[in-house]
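Okay, structure first, notes after.
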Amino acid sequence: MKRLLSFCLGIATLSGCAEKKELSAPLSLRWDMGCNGVDKDYYSNSFTLFNHTDSALKGDWAIYFNQLPRKIRQEENAPVKIEVVNADFFKMTPTEHFKELGANDSLVIEFLASAGLIKESLAPAGAYLVRQINGKESTPVNVPVSTTPFTEECQWSRPNMPEPPYPYGEIVYSEIENLKPVSLQVTDLIPSLKSVSTTTGIVTIGNSINISAPEAYRNEATLLAEKMQSLYGIKDSTDAPFNVRFEKLPADFNSANDEHYTLSITPGEAIIRGNAPHAIFNGTQTLLALLKKEGAKTTLPAMMISDYPDLPYRGQMIDISRNYIAKENLMKLIDLLASYKMNALHLHATDDEGWRIEIPGLEELTAVGGRRGHTTDESDRLKPSFGSGPDADDPTSLGNGFYTKEDFIEILQYAQKRHVDVIPEVDMPGHARAAIIAMKARYNKYKDTDLQKASEYLLHDAQDSSKYSSAQSYSDNVINVTMPSAYKFMDKVISEIAAMYHEAGVPLKALHIGGDEVPHGSWSGSPVAQEFMKNENIADARDLSNYFFRKTLEICNRYAIPMAGWQEIALDREEKVYPDFKGKIGDVYCWNTVPEWGGDVYPVNLANAGYDVILCNANNCYFDLSYNKHQGEPGLHWAGFVNEVNSFNLQPYSVYRSARTGMNGKPNDLKQIEAGKPRLTEEGKKHIKGVQGELWSENVLSYAQTEYSLFPKMYGLIERGWNAQPAWMLVSDPAQEQAAYQEALSHYYAKIGTHELPYLNRIGANFRLNQPGIVIKEGLLYANAIVPEAEIRYTLDGSVPTRHSTKWEKPVVIGKEVTNVRAKAFYLGKESLPTLLRVSQN
């Protein structure tokens, strides 16, 4: 084997290496983080390139890899040059100063990179080697990349940045200690029930039930029977002693909305009443949830529940464009959302890095835009992103994959049965690189045989010399909105999506067109755009975005589809409310709500102006943001950190107060944070239509990580969508408000640990387990965990604890020789990240 590797590394023919395509390269990389802030906004880091063969590395070679976009600086005489290919795609190649890398030798490649990096998960990934052999590129082979763990403060902190403190043991301990002990009732659910009255007596359900329902509720009865069987082993049987009946609400019942239901549980029967199938479904989910708690599987207290949601839209956005989610996993997620009475799945299906829904007649969108791999011209695939690797045919790569028409119809029907509306997003005119490249490939395919067909759906002006950089550092991701072919493309895509909904028998509630983050400078160098602006008397290229929105709105109206989008579609170029779309478009999704950036006024201004608003607060609901500052915690941190407390803090009718802490982690003065800002009017309050979590997937590299990123931090969103105005929000005195809030937070955490995490474990869903707290008081080591049932195991020698490390059960004497204590929590087969306590600092 070593002979073959050496042969491929040196002077092999292209076909000789291709025969062993599955082999990794005879090289490897180790990435080492240096320190943040070594030179203004740059951090130091290095690659070590290892040659594992008996031959020297010579000749023309290149190693490609992905990392979040950044600028690179190196010494002039560096032996290996690292450069940006596009956005997050980089290349390293030998320079004239590279001699050769000897057999079994290594080379350190030092460089500086812009911005900061505090997460091990953001290390370079997806590296692969390409050789130039006889003027041709060899078959790419993967280059393993390892990351040296971060161990120094400068690696997880950035100087002069508003970041919260690192979760050292004493900080975590204090946060957990502030939570009060709570004794839960079986009716303590997420989301909380509006009204519950229990009576004396125990209702025994037993091992079987008899579900009876009118034909209008047959779907809900079927789903309830399936869940009772799969979750609790309770069968649906006509001769069962316990009956479950579905009925209409009484004619004189004062129903809050169409989802209002009642649930009566008495000896021998449970009756769920509602005026619509969705209301009945909500009642079935409550009945199932009442059985979650261990030890209460088949018995319940007699009770009467009256319950309904405050907000009609309770959604979760899933980004399947950056990293694909298989159909089966998406359906699992839909089922999970429905179990918590969430009713919208916003499917971010297109972006710069992928197009994930088949559009009949535009097969290039998925044939090219649904694949990522090594390419010199992107004629049949996109460049790798987010570590997706060189193989565009690898089914295990999250860079590859899409839903066929049949898949998508199946997803729609599956979601509809569970009362989840699928809101598709086609992100335009920015974030459109996958579509642009795909339509360029279509042009090249037909240009020599049928120029009209080739140009029919073209999205770019070949003569465009515009200079811009998008939020993700792309310079070629904005469609040319002045070309008629762009609107023929939009019409084709929208009509085909509408046709799929029609075939599925599912209403298309809205089409989300994105509309966000169109970079300044777009179209300024396009001759086509400049001529169009001259003819249409448009002075500023930035106004072309609104032109695009108007034209797309016309298309949506033609198909009777409400057009939704991010907040940018309702704001002008000065970021003030754009009045022209009021009453004409659907929901406006407000994401940029970080107070430090002044964005928290946007949803208030838009709602007060009459736009229907969905709150997607980045500082509360961006679930791709890391749980905390721990270097091992995956996720991004551009807008701070988001955990289950941040989502719990969301206040739909008091947006400013949703930021109980700033980006620096310090508590905000809730009265001061509102000072001088527009208040939500009573009329504006009616336009707060819902809340939504966002899970962008740049750093979500598996479905297990999708669930980890959502749970438990989604629980606050679930709670707030159903109960938009918690009691503590109405307390005016700051001290009393804080006390009421802390009590509610303690109750919330108790429900998560006692009811919800065991439920997730039962259904095979992943979740994050919080780190334990550790502190030394008077020479004794104390430890605590948010989940009281969790085991805490610790070490005193600096090593990372395992399941076999010493279990903490009572205060432990700590000798003077101990400098570092580490601890982990273990629960239901999960383990937390290690908590560090530096004894020398105490």
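The values are calculated or read from the model by the stated rules, or taken from the named source; none is laboratory data. If you're wondering where the values come from, they're calculated on a predicted model, not measured in any experiment. Cβ atoms come from the backbone with ideal geometry, glycine included; neighbour counts cover every protein chain shown. Heavy atoms of the whole protein, side chains included, go into the accessibility calculation; ligands, DNA and RNA do not. Shrake-Rupley method; radii C 1.70, N 1.55, O 1.52, S 1.80 Å.
In Å, what Kirkwood hydrodynamic radius results for the range 42-181 from the alpha-carbon pair distances?
This gives a value of 17.6 Å.
Which stretch or stretches of the range 49-68 have amide N atoms under 19 Å from the point lying 7 Å from Glu110's Cα along the Cα→Cβ direction?
Counting backbone N atoms under 19 Å from the label point, the list is 49-50.
Amide H neighbours of Glu694 under 5 Å, counting only residues 5+ apart in sequence or on other chains, H built in-plane at 1.01 Å?
Under 5 Å from the amide H of Glu694 lie the amide H atoms of Met317, Tyr622, Phe623, each far enough along the sequence or on another chain.
How big is the gap, in Å, between the Cα center of the range 426-492 and the Cα center of the range 168-241?
Distance between centres, Cα-based: 51 Å.
Please give the Cα centre distance for the range 100-142 versus the range 282-361, rounded to the nearest Å.
Between the Cα centres of the range 100-142 and the range 282-361 lies a distance of 41 Å.
At 1.4 Å probe radius, can you tell me the per residue accessible area of the chain in Å²?
Accessible surface, normalised per residue, equals 40 Å².
Search the structure for amide H atoms under 5 Å from the amide H of Leu571, placed 1.01 Å from N in the peptide plane, and list their residues when 5 or more places away or on another chain.
Tyr578
Assuming 0.36 nm per residue, please report the length gained on full extension of the stretch Glu682 to Glu215 beyond their Cα-Cα distance.
Length gained between Glu682 and Glu215: 164.1 nm.
Find the relative contact order for the range 436-560 and round it to a whole percent, using C-alpha pairs within less than 8 Å whose residues are 6+ positions apart.
28
Students often get this wrong, so try it: which of [x] 40.0; [y] 48.4; [z] 36.5 is mean projected area of the Cα convex hull in nm² as calculated from the structure shown?
[x]
Based on Cα coordinates alone, diagonalise the gyration tensor for the range 280-403, multiply each eigenvalue by 5, take square roots, and list the semi-axes in whole Å, largest first.
The equivalent ellipsoid of the range 280-403 has semi-axes of 42, 15, 10 Å.
Take every Cα pair under 8 Å in the chain that's 6+ residues apart, average their separations, divide by the length, and report that relative contact order as a whole percent.
11
In terms of solvent-accessible area of protein heavy atoms at a 1.4 angstrom probe, what is the ranking of His431, His278, highest value first?
Of His431, His278, the descending order of accessible area is His278, His431.
For Lys453, Lys71, give the ranking by accessible area with the largest first, probe 1.4 Å.
The ranking, largest first, comes out as Lys71, Lys453.
So how exposed is Phe111, as accessible area in Å² (1.4 Å probe, rounded to 10)?
Approximately 10 Å² for this residue.
How would Cys590, Cys35 line up by accessible area, probe 1.4 Å, largest first?
From most accessible down to least: Cys35, Cys590.
Rounded to the nearest Å, what's the spacing between the alpha carbon centres of the range 792-817 and the range 596-664? Just the number, please.
So the two Cα centres are separated by 37 Å.
Send over the semi-axes of the range 188-305's equivalent ellipsoid, whole angstrom and largest first, taken as the square roots of 5 times the C-alpha gyration tensor eigenvalues.
The three semi-axes for the range 188-305 are 20, 17, 13 Å.
Give a quick list of GluC sites (Glu not before Pro) in the range 499-592 that DSSP marks as loop, anything other than H, G, I, E or B, with at most 10 other Cβ atoms within 10 Å.
Details: sites: Glu503, Glu517, Glu531, Glu536, Glu554, Glu568, Glu574, Glu575; in loops: Glu517, Glu574, Glu575.
In loop regions of the range 499-592 (DSSP not H, G, I, E or B), the sparsely surrounded GluC sites (Glu not before Pro) are Glu574.
Per-residue ellipticity at 222 nm for the chain, helices alone: DSSP H runs ≥ 4 residues times -39500 (n - 2.57), over residue total, nearest 500 deg cm²/dmol?
Computed ellipticity for the chain at 222 nm equals -7500 deg cm²/dmol.
Pull up the DSSP beta bridges for the chain and report the antiparallel fraction as a percent, rounded to 5. Mind dumping the intermediate values first?
Working: 81 of 126 bridges.
About 65 percent, rounded to the nearest 5.
Express in Å², to the nearest 10, the accessible area of Met304 obtained by rolling a 1.4 Å probe over the protein heavy atoms while all chains stay in place.
For Met304, the solvent-accessible surface is approximately 70 Å².
Give me the compactness ratio for the range 580-639, meaning the Cα radius of gyration over 2.2 N^0.38 Å. Mind showing how you got there, number by number?
On the way: Rg = 14.4 Å, N = 60, 2.2 N^0.38 = 10.4 Å.
Compared with the compact-globule rule of thumb, the range 580-639 sits at 1.38.
Estimate the FRET efficiency between Glu789 and Thr199 by the formula 1/(1 + (r/R0)^6), using the beta-carbon distance for r and 30 Å for R0, to the nearest 0.05.
Values: r = 30 Å, r/R0 = 1.01.
The pair Glu789/Thr199 has a calculated efficiency of 0.50.
Quote the accessible area belonging to Lys447 in square angstrom, nearest 10, computed with a 1.4 Å probe and with ligands, DNA and RNA left uncounted.
That residue has around 90 Å² of solvent-accessible surface.
Please give, to one decimal in nm, the separation of the simple spin-label points placed at Lys180 and Asn257, each 7 Å out from Cα toward the Cβ.
If labels sit at Lys180 and Asn257, their model points lie 3.0 nm apart.
Counting only protein heavy atoms, what percent of the accessible surface of the chain is carbon or sulfur at a 1.4 Å probe?
Using a 1.4 Å probe with all protein chains present, the chain comes out at 49 percent carbon and sulfur.
Excluding residues fewer than 8 places away in the same chain, name every one of the lysines whose C-alpha is closer than 29 Å to that of Lys99.
List returned: Lys2, Lys20, Lys21, Lys58, Lys71, Lys81, Lys91, Lys136.
Once the convex hull of the alpha carbons of the range 186-239 is built, what does its volume come to per residue, in cubic angstrom?
Given the Cα convex hull of the range 186-239, per-residue volume reads 138 Å³.
For the range 478-550, compute Rh as the Kirkwood radius over C-alpha pairs and then the Stokes-Einstein diffusion coefficient at 25 °C and 0.890 mPa s; write the answer in µm²/s, rounded to an integer. Don't jump to the answer; show the numbers that get you there.
Details: Rh = 14.0 Å.
Rounded, D is 176 µm²/s.
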